[in-house]
């Protein structure tokens, strides 16, 4: 098994006719993903290398039974596109788009949560891959290997680095997920590791965080209470200069949290193995699952 | 992007938020004769750093003579490394009560957060620590309205003067509108004051969400007025995400997470990074040569570490950029390169075919960092 996507997922690509959308959608399709449709208002009836284009998500879903949306539309249309996908019946929406205004992001999150049961991954994320089954997004599938470790990360390139270290040691992955580093991500670390815990084919979890925000601290608390599988973690930014504080308001909200030191401490005390460099992720996981 | 106080107040004007009458001064000649404001006038240094009051950057002038004297003193003043080049002159009002209010996004709740306190005009972080009950926090979903009822409720909880409920409600509504419609990451007013001239926002601390730049033409105008550190100008012109640091190992990488991690691994190996430089996703050969040029300008750099994990970024293009920027050159410092991911074998092939005695190739991030530290020692 895997989480969120597998060989049965049916993907509709929003912005399939754009350069980025087309490039990655075709790559995903070549990997074996069921890319069943694309949308682009005004271009319904056309196709991109055999993938039919529809004017709306609703049409695409009723014609092709698509259940996952992959979004490449520009930032100014992203909120509308994500909501259209959710109300059009897609259960999972993967939003790759970078540079969406925070107010749009927060607004679409609020509506999704109150009015739909769709899950949103991203925005500003590399998507996810269940190796050997489906790739929905922009991750380089060459570095992955089918197996039993779940990988979740805020950073794109660090996800690749971690996956690469696992694959090098012949440790395969069930699903690799980039949740993105924007202020209001759809799915958080907790949402993902909760699914890894429940997945029978995931034996261990790699969680990669970085400085800023409190998502890692919240995940640590969750791990302590709810996760029985081994967790290997890496936090980037131990030596990074402190980021700008959002006035006094920001300081009051984040308190003493957000630094690499606090994140590492809390994850360690939650029972996770926290490694010092990404290169050590592979060895640490090897040890964790053999022990 | 953090705004100057006067820029925040230009937004107040736009959103009908009452604030003192004022004049912006960039050259003292402008106030030589007289100013069209009534005394007393507050002279305020415009710098993007806290503690300007204690540093002598805020003075009250009771007549024209004092105004000239104080303006002259404050203009050019060095406040924690920030040179004062702009003054804001404001009519001083008689303050009856001082409150605090801010609007921001609470990332862990994924909701907007309004904080309100009757203890304004002082260090609000200290209030939050010592008397947390004096700081009222109210979350609001981003698709919800800030209704009059909610505002009345928080004004009550914060124990603000009920006599002014109507004016306070109006100003809170407009500040919230500015926060949301104006795409601000932060709107913080300390103090929000009851004065003899009504309820007014006396200060402004505003940060803009630059992802929303396309929605508002004035974002760019504000941006032009904010000084960029000399060391970062060159990189900014080339469209690179660059931050100058104190060490001697120059860093180039792709993706903020990987670059941050590279700084850490350099430190693990006993070195210190000279900078943070992210060439971003999908970088082309030109981007890489531009990045090397930026590092050349930094005299502290003793060695360079290029750490690339190709996803969208193709390692062959990165290698081409490195060759383009270094071919036939007598390099000032050694460059250690680690390429992995998309098209890495093609990239390594390109580097092998264009050897340079100061370029070294390493297989892992750790060994590359170790060598870069050694070579720069």
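Tabulated results
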{"quantity": "Hey, residue A:178 within 14 Å of another protein chain (Cβ to nearest Cβ), in contact (Cβ under 8 Å) with a residue 12 or more places away in the chain, within 27 Å of residue A:112 (Cβ to Cβ) and in contact with a strand residue (DSSP E or B) (Cβ under 7 Å, 6 or more places away or on another chain) or not", "calculated": "yes"}
{"quantity": "Filtered residues of the range A:141-172 (kept if away from every other protein chain (no Cβ under 11 Å), free of Cβ contacts under 8 Å to residues at least 40 places away in the same chain and crowded, with 24+ Cβ neighbours inside 10 Å)", "calculated": "A:144"}
{"quantity": "Single unsatisfied condition, residue B:44 versus (1) touching a residue at least 40 places away in the same chain (Cβ under 8 Å); (2) not in a strand (DSSP E or B)", "calculated": "(2)"}
{"quantity": "Only one of B:235, B:291 that is under 18 Å from the mean Cα position of the chain (by Cα), in a helix (DSSP H, G or I) and crowded, with 22+ Cβ neighbours inside 10 Å", "calculated": "B:235"}
{"quantity": "Of residues in the range B:259-280 being assigned to a loop (DSSP other than H, G, I, E, B) and under 23 Å from the mean Cα position of the chain (by Cα), the one farthest from the other protein chains (Cβ to nearest Cβ)", "calculated": "B:274"}
{"quantity": "Which numbered condition residue B:284 fails, given (1) within 20 Å of residue B:234 (Cβ to Cβ); (2) modelled with pLDDT of 85 or more", "calculated": "(2)"}
{"quantity": "Candidate set from the range B:331-348 (those that are away from chain A (no Cβ under 14 Å), in contact with a helix residue (DSSP H, G or I) (Cβ under 8 Å, 6 or more places away or on another chain) and within 18 Å of residue B:289 (Cβ to Cβ)); member that is surrounded by the fewest Cβ atoms within 10 Å (Cβ to Cβ)", "calculated": "B:332"}
{"quantity": "Any chance residue A:186 is more than 19 Å from residue A:285 (Cα to Cα), in contact with a helix residue (DSSP H, G or I) (Cβ under 6 Å, 6 or more places away or on another chain) and crowded, with 24+ Cβ neighbours inside 10 Å", "calculated": "no"}
{"quantity": "Number of positions in the range A:215-225 that are crowded, with 19+ Cβ neighbours inside 10 Å and within 8 Å of chain B (Cβ to nearest Cβ)", "calculated": "1"}
{"quantity": "Tally, over the range A:91-117, of residues that are away from chain B (no Cβ under 11 Å) and buried (at least 22 other Cβ atoms within 10 Å of the Cβ)", "calculated": "4"}
{"quantity": "Residues satisfying the stated conditions in the range B:202-229, i.e. within 30 Å of residue B:376 (Cβ to Cβ) and in contact with a strand residue (DSSP E or B) (Cβ under 9 Å, 6 or more places away or on another chain)", "calculated": "B:229"}
{"quantity": "Residue within the range B:147-155 that is more than 26 Å from residue A:112 (Cβ to Cβ), in contact (Cβ under 8 Å) with a residue 40 or more places away in the chain, away from chain A (no Cβ under 14 Å) and surrounded by fewer than 17 Cβ atoms within 10 Å (Cβ to Cβ) present", "calculated": "no"}
{"quantity": "Qualifying residues in the range B:215-232 (those that are surrounded by 14 or more Cβ atoms within 10 Å (Cβ to Cβ) and within 14 Å of chain A (Cβ to nearest Cβ)) - the one modelled with the lowest pLDDT", "calculated": "B:231"}
{"quantity": "Options A:184, A:192, A:253: the member that is touching a strand residue (DSSP E or B) at 6+ places or on another chain (Cβ under 9 Å) and modelled with pLDDT of 95 or more", "calculated": "A:192"}
{"quantity": "Residue within the range A:42-54 that is over 18 Å from residue A:83 (Cβ atoms), assigned to a helix (DSSP H, G or I) and in contact (Cβ under 8 Å) with a residue 24 or more places away in the chain present", "calculated": "no"}
{"quantity": "Test: residue in the range B:325-341 that is farther than 15 Å from residue B:253 by Cβ, part of a helix (DSSP H, G or I) and at pLDDT below 95", "calculated": "yes"}
{"quantity": "Hey, residue A:120 within 13 Å of chain B (Cβ to nearest Cβ) and under 21 Å from residue A:235 (Cβ atoms) or not", "calculated": "no"}
{"quantity": "Flag for residue A:199 being under 17 Å from the mean Cα position of the chain (by Cα), modelled with pLDDT of 95 or more and farther than 27 Å from residue A:283 by Cβ", "calculated": "no"}
{"quantity": "Matching residues in the range B:94-115 - criterion: being away from chain A (no Cβ under 11 Å) and under 20 Å from residue B:165 (Cβ atoms)", "calculated": "B:95, B:96, B:97, B:98, B:99"}
{"quantity": "Some residue of the range B:48-65 being in a strand (DSSP E or B) and either closer than 30 Å to residue A:191 by Cβ or in contact (Cβ under 8 Å) with a residue 24 or more places away in the chain (or both)", "calculated": "yes"}
{"quantity": "Of residues in the range B:249-258 being facing another protein chain (nearest Cβ under 7 Å) and in contact (Cβ under 8 Å) with a residue 40 or more places away in the chain, the one surrounded by the most Cβ atoms within 10 Å (Cβ to Cβ)", "calculated": "B:254"}
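To keep it simple, each residue is scored yes or no on (1) within 26 Å of residue A:138 (Cα to Cα); (2) over 22 Å from the mean Cα position of the chain (by Cα); (3) at pLDDT below 90.
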{"position": "B:297", "(1), (2), (3)": "no, yes, yes"}
{"position": "B:300", "(1), (2), (3)": "no, yes, no"}
{"position": "B:307", "(1), (2), (3)": "yes, yes, no"}
{"position": "B:322", "(1), (2), (3)": "yes, yes, no"}
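The values are calculated or read from the model by the stated rules, or taken from the named source; none is laboratory data. Keep in mind it's a predicted model, so treat the numbers as computed, not measured. Please note: Cβ atoms are built from the backbone with ideal geometry, for glycine as well, and neighbour counts cover all protein chains shown.
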